[in-house]
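Participant: The structure follows.
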Amino acid sequence: MFFKYFKHKFLCKRSGGVVNDTALEHDIYLFHQGNLRYSYQLLGAHVETRNGEKGIRFAVWAPNAQQVSVVGTFNDWDGREHPMEKVNGNGIWMTFIPGLEAGVIYKYEILTPHGHLRLKADPYAFSSELRPDTASVVHSLDNYTWNDEDWMKERKAKNPYESPMSIYEIHLGSWRYIEPEVFYNFREYADMVIPYVKELGYTHIELLPIMEHPFDRSWGYQITGYFAVTSRYGSPDDFKYFVDQCHQHGIGVILDWVPGHFCKDEHGLRRFDGEHLYEYENPGKAEKTQWGTLTFDFARNEVQSFLISNAIYWLKEYHLDGLRVDAVASMLYLDFGKEDGQWELNEYGGRENLEAVSFIKKMNEAVFEEIPDTLMMAEESTSWPLVSAPTYIGGLGFNYKWNMGWMNDMLKYMELDPIHRKYHHNLITFSLFYAFSENFVLPISHDEVVHGKKSLLNKMPGDYWQKFANLRAFLGFMYAHPGKKLLFMGGEFGQFDEWKDLEDLDWELLGYDSHSAIKEYMKQLHQLYNDNPSLWELDHKEEGFSWIDPNNYEQSIVSFARNGRSSNEELIVVCNFTPEVYHDYKVGVPKHGSYKEIFSSDAEHFGGSGQTNGLALQTISEPWQGQDQHISMTIPPLGVSFLKRTSVSKEEKS
């Protein structure tokens, strides 16, 4: 009876409206085929009106259960009151409870095949109780009115590959808090975060996962509610407000997303109906031993529908501008984080997780078909080829990949005493051998400043002044290097302590000159970056970069040109990674004329020594470093100089 009613009355939303002729039976078929991209509209808890009476429709997938009931405060958690009906042989259970409204607290009481009763949160719930409570909360997605039409329209017309992209990675709970374990609301964070990010000149915010998770110190990476905004910071509508405000102020929002694994908490997905449902049955594939989590069964069609729908859900329902997909390598390789004997070869004798590879491709194809103007960024730490290439040429289908090789090499190089850097010169040049093999983001993320790795500033060698000079040089080189940029919070003002995930940032440091100067440096570095298309217009093309001198390892100096589409859009960048000052240093340049130093990391107002080039630098018609002419300039200590041609030579004019 219940199935017949919904077969004729079920309304399934699609992008832009409601399709009345989409039958429940068809959506259930697609769900079991792994092709229901909006499964959150089929499953979960939804406010509906049936026969003129308003109530809640509940639906859950639990194929191994003997019986499923909806329990909550409305029935004193008594599973006998509201049993669900199994509507098909593949384990979807449904019921409609009249009189209930949004805000109701509930769980599913599941009788397992072994006769045990389990209370489970709804995998498709849009909201949850505040931890340590674990029940789901009914929420309607239709309450919020968006005001970001201009942003969304501009986003469709923008080419992200040829646009500036500098990302501020932020964990809201430790950016600022009211007191330990008591956080601001998303609306309050909007009022604080947006002006700060806007002032600094970032184009995007990237949030550590804000899906519901039981343990603060997992930072959101061990999830129990994949469709639920964590109640730590407010309601789903509060989060929509945060994103909306970012867009209205010209800031994109990227969200960390975790499809590789989930936590084992009893109310979550683990053995959801008493059997291995969302996770692999084979423990060698299921167990993520280093994290104490479980791997999704990527071969299971219903899990594919769950995860693909989840990606689309965040992008569609919350207007997010992209997803940074966490720990892709852990999905791709069967032996990731495992010792010999803990894993098995695939059917071809390799270590690749073939169904995970297939799932990733299918996911990206679905996402880009539904939201073509989105960003899908892979945190992928190996040499897997074509991560950011389309699936039709054999790629994984992301449009960006984090450049973990560059990050590791550069941090290793910067931690060296400058006297030893000449012996490791390849660490700053090697990335250019592969810089255009993928669409890269250069990431200095939370993972690099936690667990004893030290803060970005404290990685730098030398005395107090040299630490700041090294940091300025590193950041200057980062913004000159091909690839989009990402920096974790605190790095922009030189936080001395590594990230303390249970405390907020050391904002009091901005009362000290060196730290306020670094913040000003980042502000003006972003201004330089955003104003000069040569630093981003051809980010992913070889013609956007050309070496002038990569070989001066004795003095640890490199120089290169960044090129834009216009011949006038060209910057010369000179980087010195030692504390030595060099006067009358010759740098080959590609064109005759006059060059001006438009930015120097050694400027006094940044805390530098002031070894800058204030006067115009005229070219000298004498070949040098493979160029037909050169300039003579001052090279600052532990400094980066950006030069731009401001006039043509007499010969060129004639």
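Participant: List the pairs whose first member sits in the stretch 448-473 and is closer than 18 Å to residue 509 by Cα, whose second member is hydroxyl-bearing (Ser, Thr, Tyr), and whose Cβ atoms are under 6 Å apart, counting only residues at least 6 apart or on separate chains?
Facilitator: As it stands, the answer is 449/455; 468/514; 472/521; 472/601, since those pairs meet every condition given.
Participant: Looking at (1) out of contact with any Leu (no Cβ under 9 Å at 6 or more places or on another chain); (2) under 23 Å from residue 105 (Cα atoms), find the lone condition where residue 134 falls short.
Facilitator: For residue 134, the exception is condition (1).
Participant: Let me ask something else about it. Do you know which residues across the stretch 52-71 are among the basic types (Lys, Arg) and within 18 Å of residue 300 (Cβ to Cβ)?
Facilitator: Matches in the stretch 52-71: none.
Participant: Residues to consider are 603, 561; find the one that is modelled with pLDDT of 95 or more, among the hydrophobic types (A, V, I, L, M, F, W, C) and closer than 13 Å to residue 480 by Cα.
Facilitator: Matching residue, one of 603, 561: 561.
Participant: Here is a list: 567, 559, 546. Which entry is assigned to a strand (DSSP E or B) and surrounded by fewer than 18 Cβ atoms within 10 Å (Cβ to Cβ)?
Facilitator: From the options 567, 559, 546, the qualifying one is 546.
Participant: Taking only the stretch 233-283 into account, find how many residues are in a loop (DSSP other than H, G, I, E, B) and either basic (Lys, Arg) or under 29 Å from residue 34 (Cβ atoms) (or both).
Facilitator: Total satisfying the criteria: 22.
Participant: Shifting gears a bit: Taking the stretch 281-305 as the search range and keeping residues that are over 23 Å from residue 109 (Cα atoms) and among the aromatic types (Phe, Trp, Tyr), which one is modelled with the highest pLDDT?
Facilitator: 298
Participant: Looking at the stretch 581-594, can you tell me whether even one residue there is among the hydrophobic types (A, V, I, L, M, F, W, C), over 17 Å from residue 476 (Cα atoms) and not in a strand (DSSP E or B)?
Facilitator: yes
Participant: Kindly establish whether residue 276 is touching a helix residue (DSSP H, G or I) at 6+ places or on another chain (Cβ under 6 Å), at pLDDT 95 or above, surrounded by fewer than 20 Cβ atoms within 10 Å (Cβ to Cβ) and not polar (S, T, N, Q).
Facilitator: In short, no.
Participant: I would also like to ask the following. When residues of the stretch 476-514 are filtered for being outside any helix (DSSP H, G or I), under 30 Å from residue 534 (Cα atoms) and either in contact (Cβ under 8 Å) with a residue 60 or more places away in the chain or among the basic types (Lys, Arg) (or both), how many remain?
Facilitator: Number satisfying all stated conditions: 9.
Participant: Look through 240, 198 and report the one residue that is touching a Phe, Trp or Tyr at 6+ places or on another chain (Cβ under 6 Å) and among the basic types (Lys, Arg).
Facilitator: So the residue among 240, 198 that is touching a Phe, Trp or Tyr at 6+ places or on another chain (Cβ under 6 Å) and among the basic types (Lys, Arg) is 240.
Participant: Given the criteria over 19 Å from residue 274 (Cα atoms), of a type in the set (Asp, Glu), in contact with a helix residue (DSSP H, G or I) (Cβ under 6 Å, 6 or more places away or on another chain) and in a loop (DSSP other than H, G, I, E, B), does residue 81 qualify?
Facilitator: Yes.
Participant: Under the condition of being among the aliphatic types (A, V, I, L, M) and over 20 Å from residue 168 (Cα atoms), which residue from the stretch 404-463 is surrounded by the fewest Cβ atoms within 10 Å (Cβ to Cβ)?
Facilitator: Per the criteria, the residue is 419.
Participant: State all residues of the stretch 520-543 that are under 30 Å from residue 495 (Cα atoms), among the charged types (D, E, K, R) and surrounded by 19 or more Cβ atoms within 10 Å (Cβ to Cβ); if no residue qualifies, say none.
Facilitator: Result: 539, single match.
Participant: I've got another one for you. Looking at 612, 578, which is the one that is under 35 Å from the mean Cα position of the chain (by Cα), buried (at least 18 other Cβ atoms within 10 Å of the Cβ), of a type in the set (Ser, Thr, Tyr) and not in a strand (DSSP E or B)?
Facilitator: Answer to the check: 578.
Participant: I've got another one for you. Quick one: what pairs do we get from the stretch 406-431, first residue of a type in the set (Ser, Thr, Tyr), second assigned to a loop (DSSP other than H, G, I, E, B) and buried (at least 19 other Cβ atoms within 10 Å of the Cβ), C-beta under 9 Å, 6+ apart or different chains?
Facilitator: 413/425; 413/577; 431/403; 431/481; 431/482; 431/483
Participant: Further question: For residues in the stretch 378-392 being assigned to a loop (DSSP other than H, G, I, E, B) and of a type in the set (A, V, I, L, M), which is farthest from residue 311 (Cα to Cα)?
Facilitator: 386
Participant: In addition: Scan the stretch 111-133 for residues that are in a loop (DSSP other than H, G, I, E, B) and over 26 Å from the mean Cα position of the chain (by Cα) and jot them down.
Facilitator: Residues satisfying the conditions are 112, 113, 114, 115, 116, 121, 132, 133.
Participant: Then there's this: Given (1) at pLDDT 95 or above; (2) assigned to a loop (DSSP other than H, G, I, E, B), identify the lone condition not met by residue 21.
Facilitator: (1)
Participant: Those residues that are β-branched (Val, Ile, Thr), surrounded by fewer than 20 Cβ atoms within 10 Å (Cβ to Cβ) and in contact with a Pro (Cβ under 8 Å, 6 or more places away or on another chain), I need them from the stretch 39-98; list them, please.
Facilitator: 95
The values are calculated or read from the model by the stated rules, or taken from the named source; none is laboratory data. This one's a predicted model, so the numbers in the text were calculated from it and none came from an experiment. Every residue, glycine as well, gets a Cβ built from its backbone with ideal geometry; the counts of neighbours run over all protein chains shown.
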